[in-house]
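The values are calculated or read from the model by the stated rules, or taken from the named source; none is laboratory data. These figures come from a predicted structure and were not determined experimentally. Note: ideal-geometry Cβ built from the backbone for every residue, glycine included; neighbour counts use all protein chains shown.
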Amino acid sequence: MSEALYDLPVHKITGEGTSLAEYRGKVLLIVNVASKCGLTPQYDALEKLYARFKDSGLAVLGFPANDFGGQEPGSNEEIQTFCKSTFGVQFPMFSKITVTGPETNPLYKTLTAAQPKATKTAEGFRENIEGYLKSKGLQATNPPEVLWNFEKFLVDRKGQVVARFSPDVLPDDPAVVSAIEAALKA
């Protein structure tokens, strides 16, 4: 699985086709992001994490997704402008993808298969999301699918998915930071 991750086709937010091959040998924090979500302020912590560890080999990779409550309705250009102007995002951003359901992007199929359950989640988070969705006439995803925006997958330098953090676990949470530090040292 490790090498296969790098060969998966993705598109930069500018639309240019690529793969994750240019990140081979780096520690990756892959996050499905959204601009109109209650968790959107996590962009700030993601950018600070990227700035803190990028010289040590961390790449934060943002994948916008409109899967949850239509919270990423914009075009790739609008998303990029929002991220840069609102949060000063410098980490790599990619084109909008689907992270749940039958149209799930191959990258997210690979990530969720490798790490089907979140390593850390706050008590009651799933129930809160399920209640919110029910109030909107929607249904929550089933594991191993991504639960909501800002779920985080940590990939080591060899391309192995070593951790998965629930959307409610902030990027600067000690569990996330220590997992990144351990992956960078390995």
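Worth a mention:
- Taking each residue of segment 67-84 that is surrounded by fewer than 18 Cβ atoms within 10 Å (Cβ to Cβ) and looking for partners that are in a helix (DSSP H, G or I) with beta-carbon atoms closer than 7 Å, six or more apart or interchain, yields 74/82.
Yes/no per residue for (1) crowded, with 20+ Cβ neighbours inside 10 Å; (2) touching a strand residue (DSSP E or B) at 6+ places or on another chain (Cβ under 8 Å); (3) free of Cβ contacts under 8 Å to residues at least 40 places away in the same chain:
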| position | (1), (2), (3) |
| --- | --- |
| 10 | no, yes, no |
| 20 | yes, yes, no |
| 28 | yes, yes, no |
| 33 | yes, yes, no |
| 51 | no, no, yes |
| 57 | no, yes, no |
| 61 | yes, yes, no |
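- If you filter segment 74-120 down to residues that are assigned to a loop (DSSP other than H, G, I, E, B) and basic (Lys, Arg), you find that the one that is modelled with the lowest pLDDT is 117.
- In segment 167-176, residue surrounded by the fewest Cβ atoms within 10 Å (Cβ to Cβ) [restricted to those that are out of contact with any strand residue (DSSP E or B) (no Cβ under 6 Å at 6 or more places or on another chain) and within 16 Å of residue 61 (Cα to Cα)]: 172
- Complete set of residues in segment 150-174 that are under 19 Å from residue 41 (Cβ atoms) and in a loop (DSSP other than H, G, I, E, B): 150, 151, 166, 167, 168, 169, 170, 171, 172, 173
- Meets criteria (of a type outside the set (A, V, I, L, M), at pLDDT 95 or above and touching a Leu at 6+ places or on another chain (Cβ under 8 Å)) for residue 53: yes
- Of the residues making up segment 12-59, those that are assigned to a strand (DSSP E or B), within 15 Å of the chain's Cα centre (by Cα) and more than 27 Å from residue 175 (Cα to Cα) number 1.
- The single condition from (1) under 30 Å from residue 158 (Cβ atoms); (2) modelled with pLDDT under 95 that residue 69 fails is (1).
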